[in-house]
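Novice: Okay, here's the structure, questions in a sec.
The values are calculated or read from the model by the stated rules, or taken from the named source; none is laboratory data. In this text, all values refer to a predicted model and were calculated from it rather than measured experimentally. When we count neighbours, we look across all protein chains shown, and the Cβ atoms used for this are built from the backbone with ideal geometry, even at glycine. Accessible surface is based on the protein model in full, side chains and every heavy atom, while ligands, DNA and RNA are left aside. Shrake-Rupley method; radii C 1.70, N 1.55, O 1.52, S 1.80 Å.
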Amino acid sequence: MSSKEYKGGGPEVPIEFGKLKLKAVDTKSAGLPAVWSAGVKVVENMTAGSAVKTLFKLNQKGGIDCPGCAWPDPDDDRSALGEYCENGVKAIAEEAMRRQIDAGFFRKHTVSQLAELTDYELGKLGRLAEPLVLHEGSDHYTSISWSEAFRLIARHLHELSSPDEAIFYTSGRTSNEAAFLYQLFVRAYGTNNLPDCSNMCHESSGKALSETLGIGKGSVTLKDMHEAEVIIIMGQNPGTNHPRMLSALEKCKRNGGKIISVNPLPEAGLINFTDPQSPLKILKGGTDLTDVFLQIKVNEDVALLKAWLCLLLKAEEQRPGEVFDWSFIKSHTKGIDSLIEHLKTQDAEALIAQTGIPKDQVLKAFDLILNHKKIIICWAMGLTQHKNAVDNIRELVNLLLLKGSIGKPGAGTCPVRGHSNVQGDRTMGIWEEPKPEFLDALKETFDFEPPRQHGFAVVDAIQAMYNGKGKVFFAMGGNFLSATPDTYFTAEAMRRCDLTIHVSTKLNRSHLVHGKTALILPCLGRTDIDIQNGQAQFVSVENSMGVVHSSQGQLKPPSRVLKSEVRIIAELAKQVLKDKINIDWEEMANNYDLIRSKIEQVIPGFDHYNERVRQPGGFYLPNSAREQSFDTIDQKALFTINELSDLDVGEDELVMMTIRSHDQYNTTIYGMDDRYRGILNERRVVLMNAQDIEKYQLAEKELVNVVSTYDGIRRVAEGFISLPYPIPQGSCAMYFPEANVLVPAKEFARKSKTPISKSVIVKIEKRK
Ligand code: SF4
């Protein structure tokens, strides 16, 4: 057993402390503080003109799609005052900042110097203004022409002994048009190494839903959210990560709906929502949301769901035919008998105890489930980033199937996506495990034989780069190093590449931890006007509920040298593939309608794509589960038997979950204040239960090291302030990406390979 150790600090995760200030944990979300916080970012980064041009168009029909999360826009009227949330404004302000950094900036600043800055400070530097290269052995990025950059990439790709030595990563901001062209280029080049950020977030949802319901996407619409009788929110913090969802929850409440929230943390956005656009609601103190809050121990969701299933079975046995929706079960499902047999072996009392939630609370919530049929379950990373993540989601599907709460108004599944087009990218074919029928359609349409062997998911890509099997790493957007687990291991893996290439709008840590040679290709952002061949182009995206809609940039790009993602791929493909296959990349880059026509040919559900995407609000993609038609092996929705958490936590260990602060979006740090949790101006904190702080004999705000040990490797997150917080005993929470150093890349969810970022076993060590 090797006794390797990864310790904190260094260019991967510089250690820098803020001046910690604490305030009471909030029980209200949004309201005027949200307006103020968003306003500060606008003033800091934008001109008045660009603010007006973008914010009045943000999430409006025919306007700019928010580059934040993937919460849907209303089908009908949208708020003229502003169809966006605080974090939507921050996402725009981050991208539409006018500060720029060019080769001149990099002449003054070495990569080593820049790597000492925090992610927050890097994000403030400005938009990338021109293509940059970092030659082997140099510590300065220098200017490079686009054509030379494409030639350099082509040279490296051609020198590989196999296309499978190249890895093409995608972040969820990439538009449908760019994603489709990207996968086409990569497959024409000869590999399926197309890992994406979905591998690290909702891959577990996709796997579980495809297996049980025949489609890897949620089944509900926004209208269903408003009509639900009961909404159960599990492992999700909508107040920070999907803030406009709070408006939908408020509408549901107004319509008489009830909300059950299941979360280790009492998040303000689950408790109360104060609509900042309604002075009356502000005066009245907002709308209370959650009716039953279940403060669950980390990773005990299957125990809770299984307890409810047992109680449903007991009620059904007492009142046969009145609890289970037998007409739905008989006509649409398979596996009910084995589920019932399984539940009869379970002890509901023991399961409830395992959750750490008071029994009366579990029963209060159960009462709502028992007495209603229009039930929606919403979830996010709190369910998807565990070893048994796929079991978590299959078990919640069991509950909905027993109640017949699928494919009916006000009922169904709702995995909420955290990136504006992560669902669209997958629909476009950004997947390392493409379906044969998709590859057949590509072959049919473009007359080439695409590779059939499945490629690398994110965790495989990291291992491949580390083992020298991945030599060229290309990232379409994102911040791979900070988003991925096992930061030091991943950093080492990236450094072993011959070439790393990032298509980006702003500088981030992945540019500073790089391959032997590195390239930065600056692209247009979602807010920038995209002119091709003299014509303004628009792109399209798909939100969490399967609505495909357009997005049109409104601002003059910050630099004349920038290219759109589509243009970058087209020109690169021409350089790399030459005339290997007969595709007119230039023509498609000149007119995105041509890309959409090809998408229409290859991907079902995109008929008349160019007409329908121009309709105000766009169009819904087909969703079989929404129609109670289940495209599974047996054409039936499937009941399944699922595993409880098998975490083996020692007496002196805790289960750590990574969290986002309210002032960040994925790896982008907007600010240092986690306003709702009352933690201001500091990110190096570990939130612990007061009794655990006592158990570890820690002084107030004592600085500690947090340590995880997996496969003989000690991973040390050095220097975190221990803070008492209302979190269940035995659990603790830390911000990502700082805590990703503790998450082992070799430990991931069964079936989906999603990192276990929400249940890492750690020890708290006093610093010497
Ligand atoms: S809820 Fe999500 S998509 Fe909507 S404005 Fe906020 S961040 Fe953007």
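Novice: Six or more apart or on different chains, Cβ under 9 Å: which pairs go from a residue in segment 436-450 that's more than 16 Å from residue 577 (Cα to Cα) to one that's crowded, with 17+ Cβ neighbours inside 10 Å and charged (D, E, K, R)? Could you list them?
Specialist: Close Cβ pairs satisfying both conditions: 439/187; 442/187; 445/598.
Novice: If a residue counts only when it is farther than 30 Å from residue 456 by Cα, which helices (runs of 4 or more DSSP H) contained entirely in segment 93-168 have at least 2 such residues? If you could, list the steps in order and put the result at the bottom.
Specialist: On the way: elements: 103-108, 111-114, 119-123, 146-159.
Answer list for segment 93-168: 103-108, 111-114, 119-123.
Novice: Only one of 33, 72, 11 is within 16 Å of the ligand (Cβ to nearest atom), open to solvent by 30 Å² or more (accessible area, probe 1.4 Å), in contact (Cβ under 8 Å) with a residue 60 or more places away in the chain and not hydroxyl-bearing (Ser, Thr, Tyr); which?
Specialist: Matching residue, one of 33, 72, 11: 33.
Novice: Continuing with this model, one more query. Looking only at segment 587-607, which residues are surrounded by 16 or more Cβ atoms within 10 Å (Cβ to Cβ), of a type in the set (A, V, I, L, M) and part of a helix (DSSP H, G or I)?
Specialist: 588, 589, 595, 599, 602
Novice: Would you pick out the residues in segment 160-203 that are more than 20 Å from the chain's Cα centre (by Cα) and of a type in the set (Gly, Ala, Ser)?
Specialist: Of everything in segment 160-203, those that are more than 20 Å from the chain's Cα centre (by Cα) and of a type in the set (Gly, Ala, Ser) turn out to be 161, 162, 166, 188, 190.
Novice: Find the residue count for segment 75-89, including only residues that are more than 8 Å from the ligand (Cβ to nearest atom) and in contact with a helix residue (DSSP H, G or I) (Cβ under 8 Å, 6 or more places away or on another chain). If you could, list the steps in order and put the result at the bottom.
Specialist: Quick first cut of segment 75-89, residues more than 8 Å from the ligand (Cβ to nearest atom) only: 75-82.
Those left that are additionally in contact with a helix residue (DSSP H, G or I) (Cβ under 8 Å, 6 or more places away or on another chain): 75, 82.
Final tally of qualifying residues: 2.
Novice: Which ranges mark the helices (runs of 4 or more DSSP H) fully within segment 375-428 that have 1 or more residues being of a type in the set (Ser, Thr, Tyr)?
Specialist: Output list reads 381-384, 422-427.
Novice: Out of all the residues in segment 37-56, which are under 19 Å from residue 79 (Cα atoms) and either at pLDDT below 95 or not aliphatic (A, V, I, L, M) (or both)?
Specialist: Once the filter is applied, which keeps residues that are under 19 Å from residue 79 (Cα atoms) and either at pLDDT below 95 or not aliphatic (A, V, I, L, M) (or both), segment 37-56 yields 39, 53, 54, 56.
Novice: Give segment 221-257 a look and list any residue that's more than 19 Å from the chain's Cα centre (by Cα), closer than 26 Å to residue 391 by Cα and not in a helix (DSSP H, G or I), or say none.
Specialist: The answer is 221, 228, 229, 230, 231, 232.
Novice: Scan segment 317-369 for residues that are open to solvent by less than 20 Å² (accessible area, probe 1.4 Å) and without any contact (Cβ under 8 Å) to a residue 24 or more places away in the chain and jot them down.
Specialist: Within segment 317-369, no residue meets the criteria.
Novice: Separate question: Pairs needed: first member in segment 463-475, on the phi > 0 side of the Ramachandran plot; second member anywhere, assigned to a loop (DSSP other than H, G, I, E, B) and surrounded by fewer than 19 Cβ atoms within 10 Å (Cβ to Cβ); C-beta distance under 9 Å; at least 6 residues apart or different chains.
Specialist: Within 9 Å, the pairs are 468/496.
Novice: Something else about it: Take residue 199 and tell me if it is more than 15 Å from the ligand (Cβ to nearest atom) and free of Cβ contacts under 8 Å to residues at least 40 places away in the same chain.
Specialist: No: the conditions fail for residue 199.
Novice: Does residue 691 meet the test of being at pLDDT 95 or above, open to solvent by less than 10 Å² (accessible area, probe 1.4 Å) and over 17 Å from residue 386 (Cα atoms)?
Specialist: no
Novice: Being of a type in the set (Ser, Thr, Tyr), more than 29 Å from residue 97 (Cα to Cα) and part of a loop (DSSP other than H, G, I, E, B) narrows it down to one of 661, 645, so name that one. Please lay out each step first, then the result.
Specialist: Values: 661 fails: more than 29 Å from residue 97 (Cα to Cα).
It is 645.
Novice: While we're here: Out of the residues in segment 90-127 meeting the condition of being within 16 Å of the ligand (Cβ to nearest atom) and of a type in the set (A, V, I, L, M, F, W, C), tell me which one is farthest from residue 53 (Cα to Cα).
Specialist: 91
Novice: Look through 721, 761, 727 and report the one residue that is among the aliphatic types (A, V, I, L, M) and either touching a Lys or Arg at 6+ places or on another chain (Cβ under 6 Å) or in the same structural domain as residue 97 (by TED's automatic domain parsing) (or both). Step through it out loud before you land on a result.
Specialist: Working: 761 fails: either touching a Lys or Arg at 6+ places or on another chain (Cβ under 6 Å) or in the same structural domain as residue 97 (by TED's automatic domain parsing) (or both); 727 fails: either touching a Lys or Arg at 6+ places or on another chain (Cβ under 6 Å) or in the same structural domain as residue 97 (by TED's automatic domain parsing) (or both).
When all the criteria are applied, what remains is 721.
Novice: Just for segment 608-655: of the residues that are polar (S, T, N, Q) and closer than 22 Å to residue 598 by Cα, which one is surrounded by the most Cβ atoms within 10 Å (Cβ to Cβ)?
Specialist: Just the residues of segment 608-655 that are polar (S, T, N, Q), to begin with: 610, 615, 623-624, 628-629, 632, 635, 640, 642, 645.
From the residues that got through so far, the ones that are closer than 22 Å to residue 598 by Cα too are 610, 615, 623.
Working: 610: 16, 615: 13, 623: 20.
Step by step, filter segment 608-655, then rank; the result is 623.
Novice: Does at least one position in segment 436-444 carry a residue that is among the aromatic types (Phe, Trp, Tyr) and either assigned to a loop (DSSP other than H, G, I, E, B) or within 28 Å of residue 238 (Cα to Cα) (or both)? Spell out the reasoning first.
Specialist: We begin by selecting, within segment 436-444, every residue among the aromatic types (Phe, Trp, Tyr); these are 438.
Still in the running and either assigned to a loop (DSSP other than H, G, I, E, B) or within 28 Å of residue 238 (Cα to Cα) (or both): none.
Scanning segment 436-444 turns up no residue that is among the aromatic types (Phe, Trp, Tyr) and either assigned to a loop (DSSP other than H, G, I, E, B) or within 28 Å of residue 238 (Cα to Cα) (or both).
Novice: Ok, one more. Pull up segment 49-66, narrow it to residues that are open to solvent by 10 Å² or more (accessible area, probe 1.4 Å) and assigned to a loop (DSSP other than H, G, I, E, B), then point me to the one that is farthest from the ligand (Cβ to nearest atom).
Specialist: Step by step, filter segment 49-66, then rank; the result is 62.
Novice: Looking at segment 99-157, which of its residues are aromatic (Phe, Trp, Tyr), more than 19 Å from residue 572 (Cα to Cα) and out of contact with any strand residue (DSSP E or B) (no Cβ under 8 Å at 6 or more places or on another chain)? Outline the logic, then answer.
Specialist: Taking segment 99-157 and keeping what is aromatic (Phe, Trp, Tyr), we get 105-106, 120, 141, 146, 150.
If we keep only those that are more than 19 Å from residue 572 (Cα to Cα) too, we end up with 105-106, 120, 141.
Of everything in segment 99-157, just one residue is aromatic (Phe, Trp, Tyr), more than 19 Å from residue 572 (Cα to Cα) and out of contact with any strand residue (DSSP E or B) (no Cβ under 8 Å at 6 or more places or on another chain), namely 105.
Novice: Return yes or no: is residue 395 over 19 Å from the mean Cα position of the chain (by Cα) and free of Cβ contacts under 8 Å to residues at least 12 places away in the same chain?
Specialist: no
Novice: Return the only residue of 668, 632, 658 being more than 22 Å from residue 296 (Cβ to Cβ) and under 24 Å from the mean Cα position of the chain (by Cα).
Specialist: Step by step, each of 668, 632, 658 is checked, and only 668 is more than 22 Å from residue 296 (Cβ to Cβ) and under 24 Å from the mean Cα position of the chain (by Cα).
Novice: Filter segment 228-281 down to the residues that are among the acidic types (Asp, Glu) and within 16 Å of the ligand (Cβ to nearest atom), then identify the one that is surrounded by the most Cβ atoms within 10 Å (Cβ to Cβ).
Specialist: Filtering segment 228-281 for residues that are among the acidic types (Asp, Glu) and within 16 Å of the ligand (Cβ to nearest atom), the one surrounded by the most Cβ atoms within 10 Å (Cβ to Cβ) comes out as 267.
Novice: I would also like to ask the following. Output the residue which, of all residues in segment 400-458 that are open to solvent by 10 Å² or more (accessible area, probe 1.4 Å) and among the basic types (Lys, Arg), is nearest to the chain's Cα centre (by Cα).
Specialist: Selected residue: 417.
Novice: Taking segment 282-311 as the search range and keeping residues that are basic (Lys, Arg) and touching a residue at least 60 places away in the same chain (Cβ under 8 Å), which one is most open to solvent (accessible area, probe 1.4 Å)?
Specialist: First pass over segment 282-311, keeping only residues basic (Lys, Arg): 284, 297, 306.
Then keep just the ones that are touching a residue at least 60 places away in the same chain (Cβ under 8 Å); that gives 297, 306.
On the way: 297: 81, 306: 2 Å².
Looking at residues that are basic (Lys, Arg) and touching a residue at least 60 places away in the same chain (Cβ under 8 Å), I get 297.
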